[in-house]
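Have a look at the structure below, then the notes.
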């Protein structure tokens, strides 16, 4: 019950009623994500190297992070890597890092570099999202 009291519900921003969105794999239903806003949140920056672009890796990261109740973003870099900034409970960040090392089907992860950021970096973070996907 305490977790529910400490959580906020964020909805994807829209310009009207919630609508289905078109995605290359079909129609995606609108959804709500519950984000934990604990003051004990940590913020990590990850850089994933390997064959991680063009294989659905960002969508994999988005799904894993949302399931772990993390806030932040994921995006491709110009040099072929994937960059992630995630905020949440330390145990969930560790689980995300394990998932990053494993990678998605079709990807090959050569290295996962992690850097801890100041908690103030997480201020204003909403639900975990993919930058540059739409």
Practice problem: Report whether or not residue 67 is more than 18 Å from residue 132 (Cα to Cα) and modelled with pLDDT of 95 or more. | Solution: yes
Quiz prompt | Residues satisfying the stated conditions in the range 35-52, i.e. modelled with pLDDT of 95 or more and surrounded by fewer than 21 Cβ atoms within 10 Å (Cβ to Cβ) | solution = 45, 47, 49, 50, 51
Quiz item: Which one is surrounded by the most Cβ atoms within 10 Å (Cβ to Cβ) among residues in the range 112-133 that are under 11 Å from the mean Cα position of the chain (by Cα) and over 17 Å from residue 90 (Cβ atoms)?
Solution: 127
Self-check item: Complete set of residues in the range 74-91 that are touching a helix residue (DSSP H, G or I) at 6+ places or on another chain (Cβ under 9 Å) and more than 14 Å from residue 116 (Cα to Cα)
Solution: 74, 75, 76, 82
Quiz prompt | Complete set of residues in the range 109-133 that are touching a strand residue (DSSP E or B) at 6+ places or on another chain (Cβ under 6 Å), closer than 25 Å to residue 54 by Cα, in contact (Cβ under 8 Å) with a residue 60 or more places away in the chain and part of a loop (DSSP other than H, G, I, E, B) | solution = 128
Quiz item: Taking the range 82-108, which residues are touching a strand residue (DSSP E or B) at 6+ places or on another chain (Cβ under 8 Å), crowded, with 18+ Cβ neighbours inside 10 Å and not in a strand (DSSP E or B)?
Solution: 93, 96, 100, 103, 107
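The values are calculated or read from the model by the stated rules, or taken from the named source; none is laboratory data. Only a predicted model underlies this, so the values are computations on that prediction, with no experimental measurement involved. With ideal geometry, Cβ positions are generated from the backbone for all residues, glycine too; neighbour counts draw on all protein chains shown.
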